[in-house]
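The values are calculated or read from the model by the stated rules, or taken from the named source; none is laboratory data. All values reported here derive from a predicted model rather than from experimental measurement. Methodologically, a virtual Cβ is constructed for each residue, glycine included, from the backbone with ideal geometry; neighbour enumeration extends over all protein chains shown. Protein only, heavy atoms only, side chains kept; ligands, DNA and RNA dropped before computing areas. Shrake-Rupley method; radii C 1.70, N 1.55, O 1.52, S 1.80 Å.
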Amino acid sequence: MATKKFIKCAYCGTFNIDTEYCKNCNNLISDEKKRALKLEKIKQEEINKVLYKKANPNFVNRLRKHPFLVYRIIGIILHSAFMVASIIGAGLAWFIAMIAAG
């Protein structure tokens with residue numbers, strides 16, 4: 001025999017049996033449904049972030065894909081400079097961590 005779930009609506013105080021929405025005020029009262037809706041909202045926000053990043057690349061990447069050759073060369077040089085600086089910074093951080101570790 002299946003058990004019945006008695007859920008009290010937080011908005012109007014009406015007791016409901018085995019429903020996702022309140023029979024009196026029609027507000028969502030099911031925790032499972034609330035979690036599913038929240039998870040879907042979070043997934044959609046993540047998808048929107050990725051689409052925004054893809055549609056709006058940073059300054060250096062826009063320069064690297066520019067149709068004018070001079071701007072493209074400047075973009076490649078800037079990208080290379082940032083990569084070299086990142087490699088030097090990572091190496092320095094590794095070196096300091098190794099000295100601190102003994």
Within region 16-36, is even one residue at pLDDT below 95 and aromatic (Phe, Trp, Tyr)? yes
Any residue that is hydrophobic (A, V, I, L, M, F, W, C), open to solvent by 100 Å² or more (accessible area, probe 1.4 Å) and within 29 Å of the chain's Cα centre (by Cα) - is there at least one of those in region 61-68? no
Which residues, taken from region 1-55, are aromatic (Phe, Trp, Tyr) and exposed (fewer than 10 other Cβ atoms within 10 Å of the Cβ)? 6, 52
Yes or no: residue 54 free of Cβ contacts under 8 Å to residues at least 60 places away in the same chain, of a type outside the set (A, V, I, L, M, F, W, C) and in contact with a strand residue (DSSP E or B) (Cβ under 6 Å, 6 or more places away or on another chain)? no
Can you confirm whether region 72-80 contains a residue that is free of Cβ contacts under 8 Å to residues at least 12 places away in the same chain, touching a Gly at 6+ places or on another chain (Cβ under 8 Å), open to solvent by less than 80 Å² (accessible area, probe 1.4 Å) and of a type outside the set (A, V, I, L, M, F, W, C)? no
